[in-house]
Every structure is written in C-alpha cells, then in structure tokens.
C-alpha cells in the first residue's frame, strides 16, 4: 500500500531535515542576508551558544571526582536559530543546517502544507546567499508516536509488524522494549529504532526512521531528499497494518 493521502490524525510527531557541509568560517558575515530572505516566515530569531566540554583524566584508576572539566577556547559553537509561528525551527551552524517541524503532516501529498516545499524554500535561500562546495551528509528523520489500544501480544500484532521479541516476552509485562537496526539501502543508510514507552500509564510505540546519504552535490540535494523519503515511507508501511491507517483517518483528539 502506498500512502498518497493526508491523514487528519497522523502518527508523525516530528520531522527533521539536515545538511552538513565543511566548516564555513565566512558564514558569520553572510548569515544576515539569509535571515532577510526567510524573515517573512521565520520572524523570531536568536543567536545561541553551545559549549562542548571535555572530561580529562589520567588513567583507568582515577575517580570521577578527580576528573577535570575543560573548555577549550574554540569549543563554543554558535547557532543561529529562526522560528516560525506554525512550529518550524531552522538552526544554522558553521557546518550544518537543519529544519525541525512539528507542523507538517505530509512530505509532498496534496491537501496540506508540504514539508518538501519548506525544505526547498529554506535551502534555496541558503544557497543563494552562502556558497556550499559540497554536502557531506544529508538526512531526513521521521519520529512517529503510535497508539497501543490494548497491551497484549495478539492485538499489538494486529496493528503492527513489530521487531520486538514478542514470541519470547509479553507486551503486557513490558516496562520498556527497544530494537535498533542500521542498514545500507542502495547508496543510502537507514537507522531504525522501535521503542515501547510508558508515560503516566499511557503506552505508546515510537517508530524512529533516520535516513541519510553521504557526499552529495549541492545541486542534487532535493533529489537525494526525495530518495530518503521514499526509503522511510516504505519502511513505515512495512511497520504498520490496516488498523493504524483507520486510526490516522479518524478525527484529531
């Protein structure tokens, strides 16, 4: 089954796009031009500073209390952050750009704002103001929170094609369950994590699809992203069964 509709109650809660590139020292002087290009949508902006700490020790017999925390002069990372009212955040550093959305319900299907259009708008504006010689890594990540209507193996198997060892352990006895796989698919990679989480006695299934590709010509970024999305959607379809589709077609809670 190919997903070609926009669901009123999608399981996706967060979608993240990222490109990485060589450290661009001249980016500081050009970031203002990029800000002007996207300001109509991303009106809230800030400069953030992230310090990277190094724990320095002398040997395996040393106690944790004896370790010193050192901050190197060049270890502070500047992050330029831009936010929209709808729930989209753009973060730019000297070596990466990411777009984080809790707003979008579809990548490119008609009927709602498309995350693909958002990616294209931001990245094209970035490329127009800042020259990127090569994209060293491009990634697309979908995090889905899926319902568990009854905590038993039989009903769970009706909803999901799980990677959990439910032939060995019962869902109703589980406090946590996690599986992780990293695989190569053609010339791309996929990190897939399936997790069972309990929040105030509310059980939910987390499906985390993180697809990425290395060394891309900047002019081919959108083609590469389309391929990553195709990989993710195929794996999502393999993970769920018809009751999940019916759930997503229901009214939002």
Exercise. On alpha-carbon atoms, Rg over Rh for the stretch 187-253 using Kirkwood Rh?
Worked result: 1.09
For this session: Would you mind ranking 36, 190 so that the residue whose beta carbon has the fewest other beta carbons within 10 Å leads the list?
Result: 36, 190
Exercise. What is the stretch 140-253's relative contact order, in percent, from Cα pairs under 8 angstrom and six or more apart in sequence?
Worked result: 30 percent
Exercise. Can you sort 229, 203 by how many other beta carbons sit within 10 Å, fewest first?
Worked result: 203, 229
Exercise. Antiparallel as a % of all DSSP beta bridges within the stretch 102-253, to the nearest 5?
Worked result: 95 percent
Exercise. Computed over the Cα atoms of the stretch 149-193, what is the convex hull's projected area averaged over all directions, in nm²?
Worked result: 3.9 nm²
Exercise. Ranked by Cβ crowding within 10 angstrom, fewest neighbours first, how are 76, 225, 93 ordered?
Worked result: 76, 93, 225
Exercise. If you bin the C-alpha pair distances of the stretch 113-208 every 10 Å from 0, what whole percents do you get?
Worked result: 12, 34, 23, 18, 11, 2
For this session: Using only Cα atoms, locate the centre of the stretch 173-210 and the centre of the stretch 214-252, then give the distance between them in Å, rounded to an integer.
Result: 15 Å
For this session: Over every pair of different alpha-carbon atoms in the stretch 122-170, take the mean of 1/r and invert it; report that Kirkwood radius in Å.
Result: 15.2 Å
For this session: Using a 10 angstrom cutoff on alpha carbons, build the Gaussian network for the chain and name the most mobile of 23, 200, 109.
Result: 200
Seminar exercise, completed: Only helices counted: for the chain, with every DSSP H run of 4 or more residues adding -39500 (n - 2.57) and the sum spread over all residues, [θ] at 222 nm is -7500 deg cm²/dmol
For this session: Report the relative contact order of the chain, percent, no decimals, based on alpha-carbon pairs under 8 angstrom and at least 6 residues apart.
Result: 24 percent
For this session: Calculate, axis by axis, the spread of Cα positions in the chain along the three principal axes, and write the results as whole Å, longest axis first.
Result: 59, 58, 36
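Read-outs: derived from the displayed coordinates by stated rules, not from any lab. Please read all numbers here as calculations on a predicted model, not as lab measurements. For neighbour counting, all protein chains shown are included, and Cβ atoms are generated from backbone atoms with ideal geometry for every residue, glycine included.
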